[in-house]
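Worksheet: the structure to be examined is printed underneath.
The values are calculated or read from the model by the stated rules, or taken from the named source; none is laboratory data. Here the structure is a predicted model, which means the values were calculated and not measured. Cβ placement follows ideal geometry from the backbone for every residue including glycine, while neighbour counts extend to all protein chains displayed. Heads up: the accessible areas ignore ligands, DNA and RNA and are worked out on the full protein's heavy atoms, side chains in. Shrake-Rupley method; radii C 1.70, N 1.55, O 1.52, S 1.80 Å.
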Amino acid sequence: MHAVFMLTACASIAAVALICIFMFAGGAPALFKIGLPDFLFGLRWKPLSEMFGIFPMIVGSFCVTAGALVMGVPLGVLTAVFLVYFCPRLLRQPLKQMIDLMAGIPSIVYGFFGLVVLVPLMQHFGGSGKGILTASIILAVMIVPTIAGVAEAALRAVPDAWYEASLALGASHERSVFFVMMPGAASGILAGIILGMGRALGETMAVIMVAGNQAVLPSGLMSGVRTLTTNIVLEMGYAADLHREALIATAVVLFVFILLINLAFSAVKRGMLRKLGA
Amino acid sequence: MTQIQTCDVSAAREQSSLRARFDPVSFSLRALVWLAALTVVVVFMWLVGYIVIKGLPYLSPRLFEWEYSTENVSMLPAIVITVLMVVLALLFAAPVGMGAAIYLVEYARKGSRLVSLVRLTTESLAGIPSIVYGLFGFLLFVVACGMGFSILGGALTLAVMVLPLIMRTTEEALKSVPDSWREGSFALGAGRLRTIFRVVLPAAVPGILSGVILSIGRIVGESAALLYTAGTVAAMPESLLSSGRTLSVHMYALLSEGLYVNEAHATALVLLIVVLLINFASSAVAALLVRERS
């Protein structure tokens, strides 16, 4: 039986290996045919005339992710602070349940909400209403539960004695929380932010509804963009040959970005464990 | 002694709140925190309120007719396929994920090379975006294994996707079973395997169950990974190898076709209710866990 359990444990290794093999094998031909620099930094994505440059999509992905972080990080972190230090006892459980529920709402429902509520609102500011800002707002709402969850755990892990010592030195409750406890939980909070960043970068179905999906470099906050993820969904349905390989190569680029983010996440988490252990 | 200490702290807190009233920094920090929490609550209420109010009027019996047609836009096939997808994906993922967790907690030596490799790959799996899973499933199950767009292919893809979730929750559940239980079982002459199945696993059931419920939530909500593995056929499936759309994919299809916005509202409501039920189930199980431990 020992061997059977060991075999099941190796399933995750096999899964990662298979994913790497299939993605790289599927995308590599396109990378060779198009050429890596042309593929990564090419400004034109015109599959019909065999032009495959994904730079607009890379920029688009980073723009919406950055926008989501700008709004989602303060909201998520401050919500965690509220939950741990400011929340009236009666409100704590309902609020936690609410955040859990927010994490569980399918991304297509967020996308739907964005499409039917947020887009018409944004049209008041001119344009189609679909673009970087709209996508960023929806993504920000989606990553709040992720960030708040991890940040809450990090804040709870900081020893209470720190807080009490700060009070004893004459600091107010708020100052103790923000200038003693939050720096103490900094690496945990950072881990949450990185996790949220991964979520935002990898999100597909919510973004596809509200980002506009134009494969050109964005010129402003309201201009439509296409992200790496949505590029795949939009065109995979009818793509063939080099076009399909180029889409798989797009996924490879996304995969590499996510792996880098994952590495950063586990490095930060390990740093946090070491700090608390010491 | 502890009594006195807590009294001191609350007194200090009172004093500090008194002081905070005259400190602009403290005041604005407090305002900021309340504002953030309030924003999150308002956004959530807005989202849920909108879907409930707009979706309820369109929730007609015609939406639940057995046969799908372009006239009734029935979501019943999608519901059936969603249930099939959940059952199948868990059938693949749960035994493997639980076996892996049993290996990590009960058999493996701590810090062996295999264990750290398993942990690293599990963490990586957990971070991979669903669209990458979708493409992977498309390349492996749909094309290489020749399944075509099929419920089976979609379920296998989702099984890989929820594997890390099941592994992690099972592992935590097993770890929370006290070692003295294992030692007691060994002392009674039970072997390792019997100890695991008769003593450790029964005690860990609520924890494992909450992991399974979380996975159900992931599967129900997933759409990007299914689009190019299970496909988007709206009809009732004939076999596991026929293509079919789950509720989430159904909703995406409705939205991208742009013809059935009212039905999309109703579908959003149904999805929301399902998620709500799953959340209730998971917190009920968690409460059970707490009661059992104490």
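Observations on the structure shown:
- Rounded if a/c under 1.5, otherwise prolate or oblate - chain B, Cα gyration tensor axes: oblate
- Acute angle (nearest 10 degrees) that the helix A:241-277 long axis makes with the longest principal axis of chain A, alpha-carbon atoms: 20
- Applied to the stretch A:32-49, the Karplus parametrisation 6.51 cos²θ - 1.76 cosθ + 1.60 on θ = phi - 60° returns per-residue 3J(HN,Hα) values of 6, 5, 7, x, 4, x, 5, 6, 6, 10, x, 8, 10, 10, 10, x, 5, 9 Hz, with x for Gly and Pro.
- Put a dot 7 Å past the Cα of residue B:188, heading toward its Cβ, do the same for residue A:7, and the two dots end up 3.0 nm apart.
- Of the complete DSSP H runs in chain B, those spanning 24 angstrom or more by Cα along the long axis with a mean Kyte-Doolittle score not below -0.5 are B:24-55, B:76-102, B:151-175, B:201-221, B:261-293.
- With a Förster radius of 41 Å applied to the beta-carbon distance between residue A:48 and residue A:14, the computed FRET efficiency rounds to 0.60.
- Value at 222 nm in deg cm²/dmol, rounded to 500, when DSSP H runs of n ≥ 4 in the protein assembly as shown each add -39,500 (n - 2.57): -23500 deg cm²/dmol
- Solvent-accessible area lost in complex, 50 Å² minimum, residues of the stretch A:99-119 relative to chain alone, 1.4 Å: A:101, A:105, A:106, A:108, A:109, A:112, A:113
- Chain B, accessible area per residue, ligands and nucleic acids excluded (1.4 Å, Å²): 47
- Residues of the stretch A:205-252 buried by at least 30 Å² on assembly (accessible area, 1.4 Å probe, chain alone as reference): A:205, A:209, A:232, A:233, A:236, A:244, A:248
- Heavy-atom surface analysis with a 1.4 Å probe gives the protein assembly as shown a carbon and sulfur content of 68 percent of its accessible area.
- Across the cross-link table entries A:96/B:175; A:33/A:269; A:269/B:54; A:130/A:269; A:46/B:54; A:96/B:110, which are compared at the Cα atoms, the separations over 32 Å belong to A:33/A:269; A:269/B:54; A:130/A:269; A:46/B:54; A:96/B:110.
- Gain in span if fully extended, residue A:157 to residue A:128, counting 0.36 nm per residue against the direct Cα distance: 5.9 nm
- Residues of the stretch A:7-24 whose accessible area, computed with a 1.4 Å probe over protein heavy atoms, drops by at least 20 Å² once all protein chains are present relative to their chain alone are A:8, A:9, A:11, A:12, A:13, A:15, A:16, A:18, A:19, A:22, A:23.
- Exercise: per-residue mean of other protein chain Cβ atoms within 10 Å, B:193-200: 1
- Chain B against chain A buries an accessible area of about 7000 Å², both chains summed, 1.4 Å probe radius.
- Spin-label pair residue A:164/residue B:262, simplified geometry with 7 Å Cα→Cβ offset, distance in nm: 6.4
- Calculated FRET efficiency for the pair residue B:69/residue B:241, C-beta based, R₀ 22 Å, to 0.05: 0.40
- Available extension along the chain between residue B:286 and residue B:112 is 59.5 nm, counting 0.36 nm per residue and deducting the alpha carbon span.
- Heavy-atom accessible area per residue - chain A, 1.4 Å, Å²: 41
- Test item: Cα-centred dipole of chain B, Lys/Arg +1 and Asp/Glu -1 on Cβ, debye: 980
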